[in-house]
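A.B. asks: The structure is given below, and queries will be raised subsequently.
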Amino acid sequence: MSFPTVRHRRLRASAALRSMVRETVLTVNDFIYPVYVVHGTNIKHEIRSMPGVYHFSLDLLEQEIREIVSLGIKSIILFGIPSSKDAVGSSAYDAEGIVQQATRLIKQWAPELVVVADTCLCQFTDHGHCGIVHQHELTGTAEVDNDESLKLLVKTAVSQAEAGADIIAPSNMMDGFVSAIREGLDEAGYTNVPIMSYSVKYASAYYGPFREAAHSAPQFGDRKTYQMDPANAREALREAESDVLEGADFLMVKPALSYLDIIRTLKDQFDLPLVAYNVSGEYAMVKAAAANGWIDERLITLETLTGMKRAGADLIITYHAKDVARWLQD
Ligand code: PBG
Ligand code: ZN
């Protein structure tokens with residue numbers, strides 16, 4: 001049998017033609033921008049390893065929020081640095097906690113801006129773990145008290161919803177955390193507040209700059225007992241599936257760049273909106289190389305984020321969001 005020889009034209013002849021057949025297009029609607037808030041006044045402190053990203057005290061936050069909104073960014077995710085820490089992370093679920101205060105103010109200034117609250121204890125515990133932990137006497141590893149931690153996470157989520165958070169994003173990956181938080185929100189009357197679960201969160205070295213920024217490095221042990229092994233892909237499906245069954249409204253893969261295959265797999269397997277977290281270490285590498293003149297920051301950033309979207313991300317949490325929003329306007 002012989003086939004006719006068909007040669008397809010490569011549709012690249014002009015910019016107009018290329019744009020007509022482009023499969024993946026980044027827009028400002030794709031981004032969620034992380035914002036760090038601290039107690040005190042007159043603080044706009046740049047994070048050393050994350051140029052262009054700052055800690056803001058609440059009195060200087062309004063200007064930043066107005067800029068984010070004016071760039072067309074639709075959503076932010078809030079991270080708080082408390083003034084005091086303890087073993088049970090009390091300030092995570094305090095109505096006067098930094099995230100709760102910031103959320104109330106932001107919803108006054110910009111009611112349309114979608115505020116995502118990161119729901120975790122690690123910034124608020126003196127030991128820096130994501131829940132209540134006991135240190136194993138012999139090995140020094142961190143053993144999480146799952147049920148005790150869940151109670152405090154539910155309290156945190158409810159207090160964030162009370163302050164006006166539009167989406168609750170539990171990030172500690174403990175067993176049953178989505179259903180526990182769903183139940184807690186429903187009981188408190190927040191039946192319409194969605195949960196964006198950090199479903200697939202790897203124990204990654206790419207969180208380094210964040211931990212410095214949020215002063216949340218574990219004081220003993222590591223997070224390998226409750227975050228995933230970077231070598232595992234099928235386990236990601238099991239984690240995501242249990243979140244779906246527990247009622248998550250968004251799924252997330254974190255980090256993004258080394259896990260594009262995981263993003264694609266989740267996209268193909270589940271029909272919930274999928275979020276990729278382009279984490280601090282990924283951002284820091286681009287910024288450092290760009291500062292040395294080794295790469296073209298704009299082209300590299302757009303290529304990287306396009307790759308994440310092409311892999312299947314519907315939304316991308318990224319520290320690049322403000323820069324990209326500006327570039328997309330040009
Ligand atoms: C806390 C949390 C982390 C990040 C977001 N929420 C760090 C961690 O697990 O240590 C990382 C974000 C980033 O690196 O940008 N649970
Ligand atoms: Zn945590």
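Bear in mind these aren't lab numbers, they're just calculated from the coordinates by the rules spelled out. Just so it is clear, the model here is predicted, and its values are computed rather than measured. Note: ideal-geometry Cβ built from the backbone for every residue, glycine included; neighbour counts use all protein chains shown.
A.B. asks: Please give me the summed charge of the neighbours of residue 33: other residues whose Cβ is under 12 Å from its Cβ, Lys and Arg +1, Asp and Glu -1. If you can, show how the numbers build up before the last one.
C.D. replies: Working: positive: 74, 322; negative: 30, 64, 67, 323.
Net local charge, residue 33 excluded: -2.
A.B. asks: Next question, about the same structure. What is the extension gain from residue 66 to residue 8, computed as 0.36 nm multiplied by their sequence separation minus the C-alpha to C-alpha distance, in nm to one decimal? Could you put the intermediate results ahead of the total?
C.D. replies: Values: separation 58, 0.36 × 58 = 20.88 nm, distance 4.87 nm.
Here the segment from residue 66 to residue 8 would lengthen by 16.0 nm.
A.B. asks: So, one more: Lys and Arg at +1, Asp and Glu at -1: add these up for the other residues within a Cβ distance under 15 Å of residue 144 and post the number. Spell out each step's value before the answer.
C.D. replies: Numbers: positive: 151, 201, 223, 224; negative: 143, 145, 147, 148, 175, 222.
Charge balance near residue 144 sits at -2.
A.B. asks: Additional query: Among the lysines, which fall within straight-line cross-link reach of residue 267, defined as a Cα-Cα distance under 19 Å, with same-chain neighbours fewer than 8 residues apart omitted?
C.D. replies: 201, 254, 309
A.B. asks: I would also like to ask the following. Length gain on complete extension for the stretch residue 104 to residue 205, per 0.36 nm per residue less the alpha carbon to alpha carbon distance? The partial results should precede the final answer.
C.D. replies: On the way: separation 101, 0.36 × 101 = 36.36 nm, distance 3.31 nm.
So the chain would gain 33.0 nm between residue 104 and residue 205.
A.B. asks: Kindly work out what percent of the DSSP beta bridges joining two residues of the chain are antiparallel, to the nearest 5.
C.D. replies: Details: 6 of 40 bridges.
Expressed as a percentage, antiparallel bridges in the chain total about 15.
A.B. asks: Once you have a ≥ b ≥ c as the square roots of the Cα gyration tensor eigenvalues for the range 28-329, tell me rounded if a/c is under 1.5, and otherwise prolate or oblate according to whether a/b is larger than b/c.
C.D. replies: Values: a/c = 1.28, a/b = 1.13, b/c = 1.14.
In terms of gyration-tensor shape, rounded.
A.B. asks: Here's another thing I want to ask about it. Can you give the FRET efficiency to the nearest 0.05 for residue 112 and residue 137, using r as the Cβ-Cβ distance and R₀ = 41 Å? Mind showing how you got there, number by number?
C.D. replies: Numbers: r = 52 Å, r/R0 = 1.26.
After rounding to 0.05, the efficiency reads 0.20.
A.B. asks: How much mean residue ellipticity at 222 nm does the chain get from its helices, if each DSSP H run of length 4 or more adds -39500 (n - 2.57) and you divide by all residues, to the nearest 500 deg cm²/dmol? Don't jump to the answer; show the numbers that get you there.
C.D. replies: On the way: 11 runs with 125 residues, N = 330.
Result for the chain, helices only: -11500 deg cm²/dmol.
A.B. asks: Top mean-square fluctuation among 55, 136, 39, Gaussian network model of the chain, C-alpha springs under 10 Å?
C.D. replies: Taking springs between Cα atoms under 10 Å, the residue moving most is 136.
A.B. asks: Want the number for residue 18 to residue 95: 0.36 nm per residue separation, take away the alpha-carbon distance, what's left?
C.D. replies: Values: separation 77, 0.36 × 77 = 27.72 nm, distance 5.19 nm.
Using 0.36 nm per residue and subtracting the Cα-Cα distance, I get 22.5 nm.
A.B. asks: If you take every residue apart from residue 165 with its C-beta less than 13 Å away from the C-beta of residue 165, what net charge results, scoring Lys and Arg +1 and Asp and Glu -1? Intermediate values should be presented prior to the final figure.
C.D. replies: Details: positive: 104, 107; negative: 118, 162, 166.
It works out to a net charge of -1.
A.B. asks: Please build a GNM for the chain, connecting alpha carbons under 10 Å apart, and tell me which residue among 189, 72, 164 fluctuates the most.
C.D. replies: 189
A.B. asks: So for the pair residue 231, residue 292, with labels modelled 7 Å out along Cα→Cβ, what separation do we get in nm?
C.D. replies: In this crude label model, residue 231 to residue 292 measures out at 3.0 nm.
A.B. asks: Once each part is reduced to its C-alpha centroid, what is the distance from the range 180-198 to the range 241-263 in angstrom?
C.D. replies: First find each Cα centre; the distance between them is then 18 Å.
A.B. asks: Long-range amide H contacts for residue 75: which residues qualify at under 5 Å (H placed 1.01 Å from N, peptide plane, sequence gap of 5 or more or a different chain)?
C.D. replies: 33, 114
A.B. asks: Take 56, 124, 220, 270 and order them by how many other Cβ atoms sit within 10 Å, fewest up front. Present the calculation step by step, with values, prior to reporting the outcome.
C.D. replies: Values: 56 20, 124 28, 220 13, 270 17.
So the residues, fewest neighbours to most, are 220, 270, 56, 124.
A.B. asks: Let me ask another. Among 174, 308, which comes first, second and so on when ranked by fewest other beta-carbon atoms within 10 Å? Please list the in-between numbers first.
C.D. replies: Details: 174 19, 308 25.
Sorted ascending by nearby Cβ count, the order is 174, 308.
A.B. asks: Let me ask another. Sort 21, 28, 6 so the one with the fewest other Cβ atoms within 10 Å of its own Cβ comes first. If you can, show how the numbers build up before the last one.
C.D. replies: Working: 21 9, 28 16, 6 5.
Placing the least packed residue first, the sequence is 6, 21, 28.
A.B. asks: Each residue of the range 287-292 in order: what ³J(HN,Hα) in whole Hz does its phi give by Karplus 6.51 cos²θ - 1.76 cosθ + 1.60, θ = phi - 60°, with x for Gly and Pro?
C.D. replies: 5, 5, 5, 5, 5, 7
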